[in-house]
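Asks: Below are the structure tokens for one structure; questions will follow.
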Amino acid sequence: MWGGRFASGVDAIMEAINASIGFDRRLYAQDIAGSRAHAAMLAAQGIISTKDAEAIREGLLTVLSEIEAGNFPFRTELEDIHMNVEARLKEIIGEPAGRLHTARSRNDQVAVDFRLWVRDQCDQAIEGIGALIRALLSQAEAGADWVMPGFTHLQTAQPVTWGHHMMAYVEMLGRDMGRFQDARARMNECPLGAAALAGTGFPIDRHATAAALGFDRPTANSLDSVSDRDFALEFLGAASICAMHLSRFAEELVIWSSAQFRFVRLPDQWTTGSSIMPQKKNPDAAELIRAKIGRILGANVALFTVMKGLALTYSKDMQEDKEQVFDAADSLMLALAAMTGMVDKMTANRAVLAVAAASGFSTATDLADWLVRTLGLPFRDAHHVTGSLVKMAEDKGCDLPDLSLAEMQTVHAGITGDVFTVLGVDNSVRSRQSYGGTAPDQVRAQIARWKERLA
């Protein structure tokens, strides 16, 4: 490739640091698709002959079939996927292969290949998130009225429902889905035709190649076209937030499946045993999902670091963009699939959840609200009265509903027997009818909204 300018070949170490074929071979389908669209456009514009374009098209299909069959001879000395494909194309069809690179550069070629690949990964992430949301909706629907403790600071706060807790993750994942959809829409512009950096003097039709590759439009500035990696950074940003959400849920599954909590039973196929302790059933899948955020967030930071000091336009530093994104995409899709499998098959221990929901004075806020509604106390006064009653129950070693009316009246004489109607956890969750609240009716309404949205 460099024969016209360089008198000698590259050093072996230079070849090793310069070559990217070891990882950018993953772009083969996108590279061939971009080349086919480019050749067809060149022929339509009369820049190359129809005969040459047909030979290129057929030759590229042969290359594609060889790669997919595992018979393609990838060569490190050819540096990257672009030159490997072009060299093999020349072996197959001869001289017409040399016309394929007319009016383009590897700079816009890699930009379109990588953008196509990341766009595909956005689609896969959206699909994977949708599958997990559906699994969560099934859990929420089954347990829309199952009471469980809600936590702040990992301390019992107020009773909520299992369905409401599952729907919290649906909302998180819904935002993740939206981020990938937004990123996809923003990246759906085609850089092909920007050539090395300045565009080309050939009468190309960039709108035609953009349409052929499923883009909304061509990019509007040739300098930005070859140097932009915002699309990859946006993908990594969305992946990092999604992975963080998965990690939070994984943390809860690790806690909930422990012998101390017993809130859930994870399916055997998503757990492992111990080499020495026969009783163990370890939530390894959840723990590994929890760890994936490190790889994905690390990829995000790495690519930001690569890009932060680059003057326009293309620099070889940008070869370091792909491995980070490839690894992050693989990690995210694996984490989504594993979490979907666990959620789909896990079993909530309803009886244990109910007992836990009633512990830790979880209806104290309901008592304070009752004092405000029924006795007209200012909330801060009601808060003080309720705190005193909690202290009384704690000293007696019982829960609030176990206090007698007479005992409660020693703290505030106006309390009546009606107070016991709000101290049960089922009454508590049913009362939370505000939009987005934990009441079963509200949970079911949100489930219906999400089913409609996914449909």
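The values are calculated or read from the model by the stated rules, or taken from the named source; none is laboratory data. Everything numeric here is computed off the predicted structure, so don't read it as measured data. Cβ: placed from backbone, ideal geometry, glycine included. Neighbour counts: every protein chain shown. Heavy atoms of the whole protein, side chains included, go into the accessibility calculation; ligands, DNA and RNA do not. Shrake-Rupley method; radii C 1.70, N 1.55, O 1.52, S 1.80 Å.
Asks: For Q45, indicate whether it is open to solvent by 30 Å² or more (accessible area, probe 1.4 Å), in contact (Cβ under 8 Å) with a residue 60 or more places away in the chain and not hydroxyl-bearing (S, T, Y).
Replies: Taking the combined requirement at face value, the residue satisfies it.
Asks: Another one. It is to be established whether one or more residues within region 351-362 are at positive phi, part of a loop (DSSP other than H, G, I, E, B), out of contact with any His (no Cβ under 7 Å at 6 or more places or on another chain) and not polar (S, T, N, Q).
Replies: Within region 351-362, one or more residues are at positive phi, part of a loop (DSSP other than H, G, I, E, B), out of contact with any His (no Cβ under 7 Å at 6 or more places or on another chain) and not polar (S, T, N, Q).
The rows are residues; the columns are (1) part of a loop (DSSP other than H, G, I, E, B); (2) free of Cβ contacts under 8 Å to residues at least 60 places away in the same chain; (3) over 26 Å from D176 (Cβ atoms).
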{"site": "E251", "(1), (2), (3)": "no, yes, no"}
{"site": "S258", "(1), (2), (3)": "yes, yes, yes"}
{"site": "Q269", "(1), (2), (3)": "no, no, no"}
{"site": "Q279", "(1), (2), (3)": "yes, yes, yes"}
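Asks: Assuming P159 fulfils every condition listed in (1) over 30 Å from L367 (Cα atoms); (2) in a strand (DSSP E or B) apart from one, which condition is it?
Replies: (1)
Asks: Any idea which residue in region 136-146 is farthest from L353 (Cα to Cα), counting only those that are out of contact with any Lys or Arg (no Cβ under 9 Å at 6 or more places or on another chain) and open to solvent by 10 Å² or more (accessible area, probe 1.4 Å)?
Replies: Checked region 136-146; the qualifying residue farthest from L353 (Cα to Cα) is S138.
Asks: Considering only residues of region 202-224 that are assigned to a loop (DSSP other than H, G, I, E, B) and among the aliphatic types (A, V, I, L, M), which is most open to solvent (accessible area, probe 1.4 Å)?
Replies: Pass one, region 202-224, residues assigned to a loop (DSSP other than H, G, I, E, B): 202-205, 213-216, 219-221.
If we keep only those that are among the aliphatic types (A, V, I, L, M) as well, we get 204, 213, 220.
On the way: I204: 37, L213: 17, A220: 108 Å².
Taking the candidates together, the pick is A220.
Residue by residue, here is whether (1) in the same structural domain as Q124 (by the TED database); (2) polar (S, T, N, Q); (3) in contact (Cβ under 8 Å) with a residue 60 or more places away in the chain; (4) in contact with a Ser or Thr (Cβ under 7 Å, 6 or more places away or on another chain) holds:
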{"residue": "R295", "(1), (2), (3), (4)": "yes, no, no, yes"}
{"residue": "V301", "(1), (2), (3), (4)": "yes, no, no, no"}
{"residue": "A311", "(1), (2), (3), (4)": "yes, no, no, no"}
{"residue": "D321", "(1), (2), (3), (4)": "yes, no, yes, no"}
{"residue": "V325", "(1), (2), (3), (4)": "yes, no, yes, no"}
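Asks: Then there's this: Please list, ordered by residue number, the helices (runs of 4 or more DSSP H) wholly in region 1-115 having 2 or more residues that are touching a Phe, Trp or Tyr at 6+ places or on another chain (Cβ under 9 Å).
Replies: 21-24, 28-44, 50-69, 81-93
Asks: Here's a follow-up. Considering each of A168, A194 in turn, give the residue that is open to solvent by less than 50 Å² (accessible area, probe 1.4 Å), assigned by the TED database to the domain that holds A329, modelled with pLDDT of 95 or more and assigned to a loop (DSSP other than H, G, I, E, B).
Replies: None of the other options fit; the residue is A194.
Asks: Which of the residues that make up region 412-421 are outside any helix (DSSP H, G or I) and open to solvent by less than 50 Å² (accessible area, probe 1.4 Å)? Write out each step before concluding.
Replies: Let us first name the residues in region 412-421 that are outside any helix (DSSP H, G or I), namely 412-416.
Result: G414, I415.
Asks: To continue, here is another question. For region 365-377, check the following and say yes or no: at least one residue is on the phi > 0 side of the Ramachandran plot and outside the structural domain of R262 (by the TED database).
Replies: Going residue by residue through region 365-377, those that are on the phi > 0 side of the Ramachandran plot are 376.
Cutting the leftovers down to outside the structural domain of R262 (by the TED database) gives us 376.
Among the residues of region 365-377, at least one is on the phi > 0 side of the Ramachandran plot and outside the structural domain of R262 (by the TED database), which makes the answer yes.
Asks: What's the total number of residues in region 259-271 that are open to solvent by 60 Å² or more (accessible area, probe 1.4 Å) and touching a strand residue (DSSP E or B) at 6+ places or on another chain (Cβ under 9 Å)?
Replies: Qualifying residue count, region 259-271: 1.
Asks: Taking region 294-315 only, how many residues are open to solvent by 40 Å² or more (accessible area, probe 1.4 Å) and under 17 Å from the mean Cα position of the chain (by Cα)?
Replies: 4
Residue-by-condition table, conditions (1) of a type in the set (G, A, S); (2) open to solvent by 10 Å² or more (accessible area, probe 1.4 Å); (3) touching a residue at least 12 places away in the same chain (Cβ under 8 Å):
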| site | (1), (2), (3) |
| --- | --- |
| R119 | no, yes, yes |
| G130 | yes, no, yes |
| T156 | no, yes, yes |
| P159 | no, no, yes |
